[in-house]
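In what follows, a single structure is set out as structure tokens and then discussed.
The values are calculated or read from the model by the stated rules, or taken from the named source; none is laboratory data. Nothing here was measured: the structure is a model prediction, and the numbers come from that model. Here Cβ is always computed from backbone atoms with ideal geometry, including for glycine, and neighbour counts include all displayed protein chains.
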Amino acid sequence: MATITIDYGSNSDVELVLPANIATTPLDLEVPPNFTYGNTKVRVKEFRLRASSEKLMSSSSYFRAMFDGIRFREAQDLKEHGFAAVQLLDPEDDPSAMQIILGILYSSDVQVPDDIDLQTLYDIAKLVDKYFWHESVAPRAVSWFERLQGSQGLPDSFDETLFMWMWIAWVFEIQDSFKKLSRLAQQCATKSIDPADKKILLPYMVIDAINNQREAGFQIIEKKFVAFKKALIEDNGTEADKSLEYVMLRSLVLGHATFLARDLKLGDFAATDHFGSSIRMVTSLIKSVRYTKGVWVDARNCGHGQFTMSEGGRWDFKCALEKVVESLKMDDWGIELTDFKPLSGTK
């Protein structure tokens with residue numbers, strides 16, 4: 001297995017040591033990854049990336065704290081021996097992402113690609129946030145983000161990439177995209193998001209804001225169900241309307257509302273935390289609900305004529321739900337990044 005050493009400058013006095021990301025087989029055998037260099041594939045054990053302490057300190061407050069003074073072993077080594085090795089053993093410290101960041105710091109076009117995939121940009125964002133490289137890397141990262149967005153578009157459903165996109169937008173303060181992505185999360189989450197989920201790097205307060213908006217949407221819709229059913233049960237009509245036909249028509253509407261609540265998994269039919277249901281799913285189903293307008297009960301033989309359901313009347317449940325959906329103003333959903341994070345441009 002090889003050790004890859006890359007020297008980024010003639011005055012390098014710091015060596016960042018990163019183990020290759022080891023894969024594990026079903027038999028728990030560790031398998032070092034293959035890296036391609038030109039036409040050659042190399043099985044790599046670790047990377048040793050050499051840079052100057054001056055470059056690291058000037059670009060990162062993390063390394064400035066590490067090498068300034070004698071509080072840390074690395075600072076003592078640098079002062080006493082003129083060289084320091086820094087072990088970066090966190091599995092999230094991706095070697096390829098680190099090489100790209102150092103390439104940016106040293107303006108090395110060879111190490112900095114024009115295009116990168118989402119996973120690589122996500123790995124870069126993790127390193128930037130951890131080591132405070134925002135100011136140096138943000139311009140290039142925003143460009144990569146925009147090229148990715150242009151080539152494949154932002155997610156339009158709640159999938160495994162949504163929080164990757166959100167994290168990148170959060171780190172590099174891409175406000176418009178962050179609001180669009182958070183809106184998608186609020187509308188399409190089929191359960192409350194666990195703020196303790198280690199796969200989600202966003203702050204707890206952002207996750208809470210997503211969950212709170214989702215729950216508020218469900219509460220508004222369910223409140224309309226409750227009010228509509230209560231009005232039906234308590235509505236006895238005028239004295240002239242107290243007839244079997246009137247009661248039958250009202251019962252029909254009440255039954256329709258009950259079955260609709262079942263189909264939409266709301267009210268008494270809702271799962272805990274509305275698990276398996278999203279605001280977007282519910283509002284889409286509401287659009288497909290059939291109108292009850294035009295339904296009538298013939299009571300002419302009793303001298304009452306016809307009892308008819310009128311469009312937009314107090315018993316037009318679809319119309320009532322459509323008004324509730326409109327009141328949600330879902331196009332205005334989404335989290336303003338500046339409500340949770342002051343824009344700084346640097347850390």
Original post:
What are the pairs, 6+ residues apart or on separate chains, where a residue within region 223-243 that is on the phi > 0 side of the Ramachandran plot and of a type in the set (D, E, K, R) has its Cβ under 9 Å from a residue that is at pLDDT below 80 and surrounded by fewer than 12 Cβ atoms within 10 Å (Cβ to Cβ)?
Top reply: none
**OP:** Please determine, by comparing only the residues of region 168-180 that are assigned to a helix (DSSP H, G or I), free of Cβ contacts under 8 Å to residues at least 60 places away in the same chain and in contact with a helix residue (DSSP H, G or I) (Cβ under 7 Å, 6 or more places away or on another chain), which one is surrounded by the fewest Cβ atoms within 10 Å (Cβ to Cβ).
**Re:** S177
Subject >> region 277-289, residues that are surrounded by 13 or more Cβ atoms within 10 Å (Cβ to Cβ) and either farther than 16 Å from E215 by Cβ or touching a helix residue (DSSP H, G or I) at 6+ places or on another chain (Cβ under 6 Å) (or both) >> reply: S278, I279, R280, V282, T283, L285, I286, V289
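Let's see how each residue does on (1) surrounded by fewer than 22 Cβ atoms within 10 Å (Cβ to Cβ); (2) at pLDDT below 95; (3) of a type in the set (F, W, Y):
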{"residue": "Q111", "(1), (2), (3)": "yes, yes, no"}
{"residue": "I124", "(1), (2), (3)": "no, no, no"}
{"residue": "P139", "(1), (2), (3)": "yes, no, no"}
{"residue": "E146", "(1), (2), (3)": "yes, no, no"}
{"residue": "G150", "(1), (2), (3)": "yes, no, no"}
{"residue": "D159", "(1), (2), (3)": "yes, yes, no"}
Original post:
Which pairs do you get when a residue that is at positive phi, found in region 114-139, comes within reach of a residue that is not basic (K, R), reach meaning Cβ atoms under 9 angstrom, with the pair 6+ apart or on two chains?
Top reply: F132/S59; F132/S60; F132/S61; F132/Y62; F132/F63; F132/T346
**OP:** Read through the list (1) in contact with an Asp or Glu (Cβ under 7 Å, 6 or more places away or on another chain); (2) part of a helix (DSSP H, G or I), then give the number of the only condition that K191 fails.
**Re:** (2)
Original post:
Considering only region 244-276, how many residues are in contact with a Lys or Arg (Cβ under 8 Å, 6 or more places away or on another chain) and exposed (fewer than 13 other Cβ atoms within 10 Å of the Cβ)?
Top reply: 3
Subject >> Unique residue being closer than 30 Å to F163 by Cα, in a helix (DSSP H, G or I) and at pLDDT below 95 when the list is L285, L260, L184, L249 >> reply: L285
**OP:** Those residues that are touching a residue at least 12 places away in the same chain (Cβ under 8 Å) and either assigned to a loop (DSSP other than H, G, I, E, B) or among the small types (G, A, S) (or both), I need them from region 195-206; list them, please.
**Re:** P195, K199, I200, L201, L202, P203
Original post:
Any residue at all in region 210-226 that is among the aliphatic types (A, V, I, L, M) and under 25 Å from K126 (Cα atoms)?
Top reply: yes
Original post:
Looking only at region 181-196, which residues are crowded, with 22+ Cβ neighbours inside 10 Å and among the hydroxyl-bearing types (S, T, Y)?
Top reply: S182
**OP:** List every residue pair whose Cβ atoms lie under 6 Å apart, where the two residues are 6 or more positions apart in sequence or sit on different chains, the first residue falls within region 40-65 and is without any contact (Cβ under 8 Å) to a residue 24 or more places away in the chain and assigned by TED's automatic domain parsing to the domain that holds I101, and the second residue, located anywhere, is in a helix (DSSP H, G or I) and aliphatic (A, V, I, L, M).
**Re:** R64/M57
Original post:
What number of residues within region 62-113 satisfy the criterion of being hydrophobic (A, V, I, L, M, F, W, C) and either at positive phi or part of a helix (DSSP H, G or I) (or both)?
Top reply: 13
Original post:
Just for region 321-343: of the residues that are under 19 Å from the mean Cα position of the chain (by Cα), of a type outside the set (F, W, Y) and assigned to a loop (DSSP other than H, G, I, E, B), which one is surrounded by the most Cβ atoms within 10 Å (Cβ to Cβ)?
Top reply: I335
